[in-house]
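Below is one structure, written out as structure tokens, with a few remarks after it.
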Amino acid sequence: MTELAIKQGENLKEKPSVDRLSFGIHFTDHMLVMDYQAGGWQGGRIEPYSNLSLDPAATVLHYGQAIFEGLKAYHMKDGRIGIFRPRDAFARLNRSANRLCMPAIDEEDVLVGLKALIGVDKEWVPTAKETSLYIRPFMIASEAFLGVRPASTYKFVIILSPVGAYYPEGFKPVRIMVENQYVRAVRGGLGFAKASANYAASLLAQEEAKKAGYAQVLWLDGIEQKYVEEVGTMNIFFVIGDELITPSLNGSILGGITRNSVLTIAKDWGLKVAERQTSIEEIYQASQKGLLKEIFGTGTAAVISPVNELNWDGKIIVPGNGGVGELSQKLYQHITGIQYGKVIDTYNWMEVL
Ligand SMILES: *Cc1c(COP(=O)(O)O)cnc(C)c1O
């Protein structure tokens, strides 16, 4: 980072034991903070983790100018710490920023800052099998002003959270409700951006699906509710016959980095891969004909999340073996292999500290 001030905390927290890690409940001792004012980003600061101070009129609290990222660092086999595709995350943050009229960050500068932050808190990167350090960069509008226009001041912050294994008892398929009533995003809206508002819009459907016994919802397009978009926090893939299919990025779908990793690897493996518009009817018909072999979600938290049931208005869609598909398993092993430094990183996806 061009300027990076480091203020180490004195009262370090006690680190949670592995069995208490879970997701997103423990935070490390430090955070990175950078302020935007007078048309530019000020130098970054690594500070003790603490509350932020905001004016009650801060734009983010009223009009929701807020975006974030989610990525992970891993304790690798050789003892080093590696971050998975951080440049892609910061590039996506800038695409989100542009959509919400927020200022771009300097991607390389912020990567230097992130590496320094993880360096300061490196004792927090858990070492137990399949654990990781979740990285949450975010940007909020901080100007005290109630008029409706983009704010003139912003805060960019990175916090870190040690997380436990996503599958402590092994790969576990989930049931998903196809959402018929609510929509998450429409073309021209915020769907492609990692905007906090997308999550606010998704909570009610998610809660109703949970009550009905489903882990997440599968969103359909916001206009006809015919075409598959994505799952709450994951992109979605189908294996139909010998083809791997995922909906194309049409503006309302979040372009996942895990999604891109799966597409890249599958193509290199010589699989038939298609990014295209996919109707839920097509998926239902494929399952009726016995051609639907696998369904899985992709995202940073789970990497691969096999799906064993879709409920589309009472029509139950169950893929092939109704369990964990062969490709799901292979992709999971390969991607986590790269992340933990057990498989050669031919794509240069790991940024090693
Ligand atoms: C973050 C996110 C994903 C997954 O993206 P990854 O980069 O693979 O973690 C998918 N959908 C939504 C809505 C997301 O916010």
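The values are calculated or read from the model by the stated rules, or taken from the named source; none is laboratory data. All figures in this text were calculated on a predicted structure; none of them were measured in a lab. We place every Cβ from the backbone using ideal geometry, glycine too, and count neighbours over all the protein chains shown. Heavy atoms of the whole protein, side chains included, go into the accessibility calculation; ligands, DNA and RNA do not. Shrake-Rupley method; radii C 1.70, N 1.55, O 1.52, S 1.80 Å.
Heavy atoms of the protein chains alone define the surface here; on that basis region 174-339 has 40 Å² accessible area per residue at 1.4 Å probe size.
Solvent exposure of region 74-155 amounts to 41 Å² per residue of accessible area, where only protein heavy atoms count and the probe is 1.4 Å. Applying a DSSP loop filter and a limit of 14 other Cβ atoms within 10 Å to the chymotrypsin sites (Phe, Trp or Tyr not before Pro) in region 317-353 leaves Y347.
A DSSP coil position with no more than 12 other Cβ atoms inside 10 Å describes the following chymotrypsin sites (Phe, Trp or Tyr not before Pro) in region 1-95: F23.
As a fraction of the 1.4 Å probe accessible area of the chain, surface on carbon and sulfur atoms comes out at 51 percent.
Relative to the longest principal axis of the C-alpha atoms of the chain, give the angle of the C-alpha long axis of helix 107-120, reported between 0 and 90° and rounded to the nearest 10°. On a 0 to 90 degree scale, this one is about 80.
Greater than 29 Å separation of Cα atoms is the criterion. Which listed pairs, K77/K172; K226/K289; K15/K210, meet it? K15/K210, as the Cα separations exceed 29 Å there.
If one puts a single equal scatterer on every Cα of the chain and applies the Debye formula without solvent, what log₁₀ I(q)/I(0) results at q = 0.07, 0.09 Å⁻¹? Taken in order of the listed q values, log10 I(q)/I(0) reads -0.31, -0.52.
The angle between the Cα long axis of helix 196-211 and the longest principal axis of the Cα atoms of the chain comes to about 50 degrees, rounded to the nearest 10. In loop segments of region 156-211 as defined by DSSP, the GluC sites (Glu not before Pro) with at most 12 further C-beta atoms inside 10 Å of their C-beta are E169.
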